[in-house]
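The values are calculated or read from the model by the stated rules, or taken from the named source; none is laboratory data. Everything numeric here is computed off the predicted structure, so don't read it as measured data. Because the Cβ atoms are built from the backbone with ideal geometry, glycine has one as well, and the counts that use them run over all protein chains shown. Side chains included, ligands, DNA and RNA excluded: accessible areas come from the protein's heavy atoms. Shrake-Rupley method; radii C 1.70, N 1.55, O 1.52, S 1.80 Å.
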Amino acid sequence: MDTTPNLILSGQPIVEVADLTHAYGGQTVLHSLNFIVPRGEIFGFLGHNGAGKTTTISILTTLLRQSAGTARVAGFDTIKEPNEVRKRIGYLPENVTFYDDLTAYENLAYFARLSGVADVDERIDETLGFLDFRGVEHRKLKTFSKGMRQRIGLAQAILHQPQVLFLDEPTSGLDPVGIKNLRDVILRLNREQGITIFMNTHLLSEVAKTCTSIGVLNRGRLIYNESLEKTLADFPDEMSLETIYVRMEEAV
Amino acid sequence: MSARLSPVSAIVRNELRALTRERTFTMLLGIFLAMTFFSVYIGWSTRTTTNAIYRASVAYLGTQGATHVPPNPLSGVSPLLIFDNMLIYILLVGALLAIVIGHRSFIRERKAGVLPLIFARPVSRPQYILAKLCGICLALAAIIGATYIVSALAAVFLPALRLTAAEFFRLLDFYAVSLLYLCFFAFVGLLFSVVAGSESTTLFLPILVWVAAVFILPELTLGSNPVALLNPVTLASAAPDQGQFFTVMRAGLGWLSVGQFYTQSGLNALGAADGGAAALPALFIYNGAVAWAAAAALRRHAGTGALTL
């Protein structure tokens with residue numbers, strides 16, 4: 001496992017996408033995407049449903065092979081060096097699912113072993129402690145609420161101390177308390193552990209409270225990619241990120 | 001404390017745990033042990049009844065002053081043939097149960113939706129399939145191992161049946177061949193659970209392969225009806241001249257008849273037929289081919305759609 005401290009390399013690109021194109025069923029869903037996410041950022045990837053956000057995250061997590069172009073994560077090509085990429089990423093899908101008949105501990109231990117974690121028990125304890133979620137280890141996943149599943153989902157994604165964490169619509173289906181808890185965890189992961197966050201979302205309020213930079217995807221095309229600070233400066237007359245987003249979409 | 005495991009070992013362990021939690025393993029073990037019990041009892045009962053009739057006939061012939069007494073028809077028959085029903089049970093029921101094990105192995109994870117979490121980790125798809133195959137083999141080996149022990153104990157304790165050490169080894173050989181045959185169908189179950197789109201298709205296609213391998217192909221290539229093919233003693237006898245059609249079919253399709261390969265190898269192990277040794281490599285080759293196909297199929301699934309149901 002790469003133990004390079006995340007904070008030391010802050011600012012260097014951790015996600016690099018060049019001319020990334022993907023097509024299936026005769027339809028192009030990603031059109032030559034180009035962007036970079038620097039290490040240490042919380043990157044919000046915005047777009048309507050069907051814009052291509054999940055396809056992009058699937059390519060970056062090596063679950064999907066793009067039709068053309070390149071994607072590099074933590075310096076490794078997603079097609080040529082997928083295992084090197086996988087060692088350095090954490091992934092939380094939109095609808096996270098587990099082995100419901102197994103306990104939280106058994107699920108986490110399994111995924112930790114798949115990631116090559118050496119001291120599984122210690123890492124599970126540390127991770128659940130970080131998430132303030134100790135005490136549920138021996139409950140079966142089928143008894144968990146959506147919010148609890150999301151936390152276990154987050155635990156499995158950070159158990160092996162990844163450099164970059166991919167979150168696909170992480171707040172989907174959560175209640176306001178769950179959303180706030182998740183936001184706090186994301187911010188702490190970024191600040192305390194230096195983990196870069198790449199987050200697919202369409203919740204603009206969350207982007208405004210969490211992200212340091214944004215990319216906007218419209219029908220498979222990246223129409224905007226800037227820091228949140230510059231975005232707010234670029235649109236000084238707008239009252240909220242929501243109205244800025246609507247203006248971007250209308251301009252396309 | 002949990003020791004560090006390789007990803008393959010972790011998947012194998014998870015596979016075995018899932019099988020036991022679903023009670024599939026216990027159910028299959030129970031079925032196999034019941035099949036062993038019935039098979040051995042029927043075989044032993046047939047043998048002792050035949051011997052009793054022979055002895056009664058000899059006594060009767062003696063009272064009639066017969067000078068020539070024909071030999072016992074079972075005197076030249078391998079005592080291991082009391083297990084011949086096991087061959088039929090494994091050929092039919094065992095193969096279907098093996099398909100269920102292989103099918104559940106991948107479908108369980110597709111339905112649970114955990115495959116994206118697995119493949120976003122440093123586990124290659126061929127590694128994953130290898131681990132699944134190992135898990136399936138171990139589960140089947142445990143079932144077959146228990147079946148062998150019960151069979152061997154039955155052979156030790158049943159009256160009027162004495163097996164030599166060599167015959168115990170032949171019995172072990174028979175179960176090893178059976179394991180190979182069961183693995184083939186489990187691998188077929190796994191293969192189709194990877195390539196097919198819907199859950200019903202993933203189960204229907206391997207059953208189609210089973211029907212073809214066990215019934216249709218032997219019938220086409222040997223000209224024997226399926227019921228006759230289930231009788232190993234009939235199979236062991238020389239096949240009559242069946243004409244040009246069957247000769248051509250045998251040459252063209254005989255190599256696909258996995259059920260026939262198993263029957264030959266199994267009968268050979270039980271000492272009821274010769275020539276099964278040539279069928280054994282075929283079973284190995286088929287297992288390897290299906291395992292490779294499953295790994296290649298999963299690798300070819302570039303999309304994430306195939307990872308869920």
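Taking a ≥ b ≥ c as the square roots of the eigenvalues of the alpha carbon gyration tensor, chain A is prolate, as a/c is not under 1.5 and a/b beats b/c. Kindly provide log₁₀ I(q)/I(0) values, in the same order as q = 0.09, 0.14, 0.16 Å⁻¹, from the Debye equation applied to equal alpha-carbon scatterers of chain B. Rounded to two decimals, the profile gives -0.53, -1.07, -1.28.
Magnitude of the charge dipole for the stretch A:1-143, about its Cα centre and with charges confined to Cβ atoms of Lys, Arg (+1) and Asp, Glu (-1), is about 360 debye.
3J(HN,Hα) along the stretch A:98-110: 9, 7, 5, 7, 9, 6, 4, 4, 5, 4, 5, 5, 4 Hz, from the Karplus curve 6.51 cos²θ - 1.76 cosθ + 1.60 with θ = phi - 60°, whole Hz, x for Gly and Pro. Structural descriptor for the stretch A:98-168: relative contact order 44 percent, calculated from alpha carbon pairs under 8 angstrom and at least 6 residues apart. Candidates A:Gly40, A:Thr103, A:Thr143 compared by Cα position along the dipole of the stretch A:22-156: farthest toward the positive end lies A:Gly40, with charges placed on Cβ. Computed from the C-beta positions of B:Val93 and A:Arg65, the FRET efficiency with R₀ = 45 Å rounds to 0.60.
Going toward the positive end of the dipole of chain B, with +1 on Lys and Arg Cβ and -1 on Asp and Glu Cβ, which of B:Leu81, B:Val248, B:Ile31 do you reach last? So the residue furthest toward the plus end is B:Ile31.
Here the alpha carbons of the protein assembly as shown define both size measures, Rg and Dmax, at 31.0, 124 Å. When both the stretch B:40-84 and the stretch A:53-99 are represented by their alpha-carbon centers, they are found 71 Å apart. Which one, B:Ala131, B:Ala98, B:Ala196, has the greatest fluctuation when you compute a Gaussian network model over chain B with C-alpha springs under 10 angstrom? Maximum among the listed residues: B:Ala196. Sum up the charges of everything whose Cβ sits under 13 Å from the Cβ of A:Glu94, counting Lys and Arg as +1 and Asp and Glu as -1, but leave A:Glu94 out. That sum, taken over residues with Cβ under 13 Å, equals +1. Farthest towards the positive end of the charge dipole of the stretch A:152-252, among the residues A:Pro176, A:Gln193, A:Thr231, is the Cα of A:Gln193, using unit charges on the Cβ of Lys, Arg, Asp and Glu. Indicate the gyration tensor shape class of the stretch A:136-218 (rounded, prolate or oblate), computed on the Cα atoms with a ≥ b ≥ c the square roots of the eigenvalues: a/c under 1.5 is rounded; otherwise a/b larger than b/c is prolate and the rest oblate. Here the stretch A:136-218 falls in the oblate category. The Cα trace of the stretch A:125-170 gives Rg and Dmax of 10.9, 31 Å, the first to one decimal, the second as a whole number. Taking every C-alpha pair closer than 8 Å and separated by at least 6 residues, the mean separation divided by the residue count of chain B gives a relative contact order of 25 percent.
Model label sites at A:Lys209 and A:Ser227, defined 7 Å from Cα along the beta-carbon direction, differ in position by 2.3 nm. For A:Thr21, the amide hydrogen comes within under 5 Å of the amide hydrogens of A:Ser32, A:Leu33, A:Ser67, A:Ala68, A:Gly69, counting only partners 5 or more places away or on other chains and with H modelled in the peptide plane.
When the residues A:Glu229, B:Glu109, B:Glu167 are ordered by accessible surface, computed with a 1.4 Å probe over the protein chains alone, the sequence from largest down reads A:Glu229, B:Glu167, B:Glu109. Close amide H pairs (under 5 Å, H built 1.01 Å from N) link A:Thr171 with no residue at least 5 positions away or on another chain. Peptide A:92-104 has a mean of 4 when you count, residue by residue, the C-beta atoms of other protein chains within 10 Å of its C-beta.
Highest mobility in the GNM of chain A, judged by mean-square fluctuation with C-alpha springs under 10 Å and restricted to A:Thr28, A:Thr210, A:Thr78, is found for A:Thr28. Summed over both chains, the accessible area lost when A and B associate is about 2800 Å², using a 1.4 Å probe. For chain A, averaging the sequence separation of C-alpha pairs within contact (under 8 Å, six or more residues apart) and dividing by the residue count gives a relative contact order of 25 percent. If exposed trypsin sites (Lys or Arg not before Pro) are those in a DSSP loop with at most 11 other Cβ within 10 Å, what is the longest stretch of chain B that has none? Between exposed loop sites, the widest span is B:163-309.
For the stretch A:63-138, a crude dipole built from +1 on the beta carbon of Lys and Arg and -1 on the beta carbon of Asp and Glu, taken about the Cα centre, is about 600 debye to the nearest 20. Taking the Cα centre of the protein assembly as shown as reference, the dipole from Cβ charges on Lys and Arg (+1) and Asp and Glu (-1) amounts to some 1040 debye.
Amide H contacts of A:Ile42 (H built 1.01 Å from N, in plane; Pro and chain starts excluded): A:Ile197, A:Thr212, A:Ser213 sit under 5 Å, all sequence-distant by 5 or more or on other chains.
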